[in-house]
Each structure stands twice: as structure tokens, then as C-alpha cells.
1. More than 16 Å from the ligand (Cβ to nearest atom), surrounded by fewer than 23 Cβ atoms within 10 Å (Cβ to Cβ), farther than 18 Å from residue 127 by Cβ and at pLDDT 95 or above - does that describe any residue in region 90-100?
2. From 382, 307, 313, grab the single residue that is more than 16 Å from the ligand (Cβ to nearest atom) and among the acidic types (Asp, Glu).
3. Within region 173-206, which residues are assigned to a loop (DSSP other than H, G, I, E, B), farther than 23 Å from residue 223 by Cβ and within 14 Å of the ligand (Cβ to nearest atom)?
4. Looking for whichever is of a type in the set (Asp, Glu), within 13 Å of the ligand (Cβ to nearest atom) and over 21 Å from residue 108 (Cα atoms) here; the options are 6, 38, 10. Which one fits?
5. Applying the selection to region 232-253, what residues are within 21 Å of residue 281 (Cβ to Cβ) and among the charged types (D, E, K, R)?
6. For residues that are modelled with pLDDT under 85 and outside any helix (DSSP H, G or I), scanning just region 326-373, find the one that is nearest to the chain's Cα centre (by Cα).
7. Taking only region 232-246 into account, find how many residues are surrounded by fewer than 18 Cβ atoms within 10 Å (Cβ to Cβ) and either β-branched (Val, Ile, Thr) or without any contact (Cβ under 8 Å) to a residue 12 or more places away in the chain (or both).
Amino acid sequence: MTEKIDQDADAIVVGGGPAGSTAATFVAMQGHKVVLLDRDHFPRYQIGESLLPSTVHGICVMLGVGEEIKQAGFMLKRGGTFRWGKSPDPWTFTFAASPTLAGPTSNAFQVERMKFDNILLNNAKRKGVDVREGCTVTDLLTDGDRVVGVTYDDDEGRRVELRASFVAVAGGNTSQLHRKLNIERKFSEYFRNVALFGYYENGKRLPEPNAGNILCAAFEDGWFWYIPLSDQLTSVGAVIAREKAHLLQEDHPTVMSNLIAACPMIAEYLADARRVTEGPYGRFRVRRDWSYSNDAFWKPGAVFLGDAACFVDPVFSSGVHLATYSGLLGARSMNSYLRDPANETRYFNEFERRYRREFGVFYSFLASFYDMEQDTGSYFWDARKVTQSDASDFEAFIDLVGGVSTSNEPLYSSIDEFKESTTELGTKLQAAVDDSPDPDAAGQEFMSRSAEMNTVWQESRQVRRQASAPPGRIRPEQPLFEDGLIPSADGLRWTAPDRRPDDDSAVPAAGS
Ligand code: FAD
């Protein structure tokens, strides 16, 4: 039973991770009253430590924390080093080698999420967001088919009712609030993996200048991530097939030792290391079933951001990018809606199409990356050959990203086209690595040869461009879709492409 009815807000944001704090801050920066509710008290643990340049040099700068992130002492990440594909030797790509990423901002950081997320949340508070920690949202309030608020249990155990013009759900992968609106979450069979992860001190580092890179190493049963969080601390995780999940019922230290022993490169890097056994990093954790997409990203009065909407395999460190990028897109739609409620559908369709497109680009790129030949001939890798996968694995995906390419055509019109395109790219990526005279050249080839690789970074470049524009002076962009909208001059709302950049009026309804 509700024990307290709180004063209405313009927007409620559920969750204070990167998606939620990004969205809340950008809405508060437009002068709206925003309440952010998180069930935890910060700083709190979260996985997802390897970032991409667009988050660090794009969205963090727009949020006003670019300098703070730079000064926080996070490990500099110039790119990724992979023991991946047929070659037994690791190869390295640097962000600087990509034509779309080259320049002074072609790097990112490896972050302890407790620190990174806390910086974003404290910034939200400074920008005027009413942040309430220890508050668990239990339900969405509806009036007809419209979401009009939430109920939550506050820190003192009281059930509170809070209403707002709009609700953003950014409660991460465990969030179930979509069910209330009959939104279905569809899991990808192809990427249905399980991860076991923990932390080590005194692990070996890659030779300079790549010591801060993420290292991903394929082995017979799957792959490892090895992320240097500081000179001492390393995050280490093994990704294995869901069919092997029963192994994780045994004691985790033994399972992890066996997996490490099966991957020579990780075994070598951890030979002199000691596992952390105390504090927030002192236990092994397991995550499973983590590639999925909701069949709708918004409904009247509510929008789903970050992992609450979709998530794709972590091998290319895309999670926090997708979370903060969707936070920016969602904030633009909420800000536009709060000024001009009549065009809700147009504003949130723009959000959904852009977010699905970005998710789809990473999804298909990652399918190609998994499709590269491995030298192991194992169950895990055989099952990840795109051509051998069941058509239904990709059917749902094609439905979900349908109609989201730049020309309003489906990204892929059929399963066969999807399979053909992803295997072709997998072969190209493999050739880029195989044909290169040395491991560093292999990574540069990998980054520069493939046009698809540049598609992956396209929005990343756009966001960094926006961040480096003088305040309020973002250059007009081309719309991504026919009938689509573009960011306003301050980057925080949508405007019609034929408006002057400084035109402040509402957009006309589609077709008018
Ligand atoms: P979260 O960070 O999960 O934040 C959600 C917040 O909502 C939490 O603070 C939670 O307390 C709160 N919350 C949840 N429910 C409620 C509720 N009912 N009421 C109130 N508050 C609520 N990404 C990368 O970029 N790089 C990586 O290297 C990487 N590695 C990964 C490895 C693995 C194994 C996995 C599974 C993911 C990885 N990710 C990585 C992805 C990354 O963890 C997520 O994409 C990212 O954290 C999503 O941010 P978010 O804000 O959507 O959600």
C-alpha cells in the first residue's frame, strides 16, 4: 500500500548506471525537474570496465566531466590486443589506425566502474538531478495505455508513489519493468554465453605502448578478457558456451584455475599473479544470457535505455557506449517531448530507430568477428560459425533491426543475406590478420581495410564531433533516416533537418 505520495517531477529516471545518469543529466541541463532512483548506494560494483572513445571524448565531455575522467587516474586504453583467429600470435589494433577515429581523441580508458559510475552520478547531482539512492522501483503507474509514474520502496522501507510527465527505465539487465507494458525481451541464441570473472593482482602487462589495452584470448572452450585496471589490478573473465554452464556449479576457484590452464596466453600472464579475495573484487561472479533486445524500446510515457533495452556480447567493449549513447538519444527525445508533447511519436521513433541501428551494427559486426577461423576446432567455435547456425537464431534479430538502415531499407532483407554478409566480413577480417607481415600491421589492416569497421565507429565519430563543437553550436547533420530528425544546435533536443540550427520552435509532425 502506498504510504507517501511525492511531488510530481518532469521526468523520472530508474537506475543510476551510465545510461540513467547520462539521460538524467541531459534532461536536467534543459531546466527540467528530474528525479533519479537507484536501488543501490553508490559507489557500487558493476562489470563493464573497458570503454570506447565516444564515451570518454564524446558524451563525458558533453556532460561536463571530460576533465574529471581524464584526471581520475584510469588506465589509458589505446586499443585492443587479440589472440583471435587462426594465427597463434596476438595482434593489436589501435583506435588511431581507424580513418573514422584517428586524431588526438583516439583513445579510451579502462575504468573501475565503482569510480566511473560515481563520477557520472555525482555530476548528475551537481547539474540539479534529485538523486535518491536506496530506492527500488517496484512498478510503473499507468493511466490507460500511458505510463504516468512509478512506485518505489524508499530507504526507510516506505512505499512511495511518484508521478511525472515521462519515465526513463535504465535499470540494467535485471530490470523487469518492460513486462508491465507487455514488451517482450528476445534473447540471441547465437551469443548465449556464460561468463565467470574475478580480479587478480600482479598480472603481467602487454609490452608498451600497449600495456593499457584490453587483451582478448580465444581458447578451445571460449575466450578470456584481461583488462588492466591499474598497474596492479586486472579484471579477468572467461566466456564459455551456455551448454557448459553446469561446470559453474562446482567451486569457482577450481573452475577458473582449470579454464586459465586451458588458455596458454592467460596462464602465462597470470603465472605470478595473486587472486584478490577481499573487498568488492574479492569473489568470483557469474553472468549468463546476456545478448538480447526488447521488441519495443518505448511506449507512451516511458522509454527504455541502456541494458534495460538491449545488450550485445561484450568482446568489443560496446556496453557502456550503447548505454551512454542511448542516454543521450533518450534525453533528446524527452527534452523535445517536454516542450512539444504533440510530437511524442516522432521524437521517440527517432530514438528507437537510432538506438536499434547502433545495436544492429555492433551485433552483425560481432557475429563476423566470432565467425573468424579459430585454430582450436572446438565445440564453442564450431557453434559460432554463422553458416552452421540455425536460421531461427538470426530471424529474431533481423526482425528487431528491420527497417533501420540509413535508406529506411532493412539492414538485411533475409537470413541468407545476413549470413552471407557476416561470413564475408569474417573472411575479410581473417584475411586482414593473415596477410599482414607482423602482428601490429595485422591490427592496422583490420581497422583500415574493412568499411564495416568504419560503420561501427560512425556514430562514435559523430558524438565526438558534437562534443568538440563550441557550446550551443553543433553543426547541422544529415538525418540518418528518411523523414528523420537531427540534433538541435545544443545537441540536447531533436529538430527537423530543414530548420536553421538556431531555430528553437517545435518540429512539424511527420507528413505535415
Ligand atoms: P547498469 O550499469 O546495470 O545500471 C543499472 C542501475 O539500475 C544499477 O545501478 C541498478 O542498481 C539500478 N536498478 C536496477 N533495477 C532497479 C530498480 N528496480 N529500481 C531502482 N534502481 C534499479 N561494457 C563495456 O563497455 N565494456 C566492457 O568491457 C564490458 N564487459 C562486460 C562483460 C560482461 C560479462 C557483461 C555481462 C557486460 C559487460 N559490459 C561491458 C556491459 C556493461 O556492463 C553494461 O552494458 C552497462 O553497465 C550498462 O549500463 P546501464 O546504465 O544500462 O546499466
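The values are calculated or read from the model by the stated rules, or taken from the named source; none is laboratory data. What you see is a predicted model; the values in this text were computed from it and never measured. Don't worry about glycine lacking a Cβ; one is built from the backbone with ideal geometry, like all the others, and counts go over all protein chains shown.
1. no
2. 382
3. Listed by number, the residues that qualify are 174, 175, 176.
4. Of 6, 38, 10, the one residue that is of a type in the set (Asp, Glu), within 13 Å of the ligand (Cβ to nearest atom) and over 21 Å from residue 108 (Cα atoms) is 38.
5. 251
6. Checking each candidate, the answer is 372.
7. 1
For every residue, the table says whether it meets (1) within 26 Å of residue 211 (Cα to Cα); (2) under 26 Å from the mean Cα position of the chain (by Cα); (3) of a type outside the set (Gly, Ala, Ser).
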site: 243; (1), (2), (3): no, yes, yes
site: 267; (1), (2), (3): yes, no, no
site: 274; (1), (2), (3): yes, no, yes
site: 286; (1), (2), (3): no, yes, yes
site: 315; (1), (2), (3): yes, yes, yes
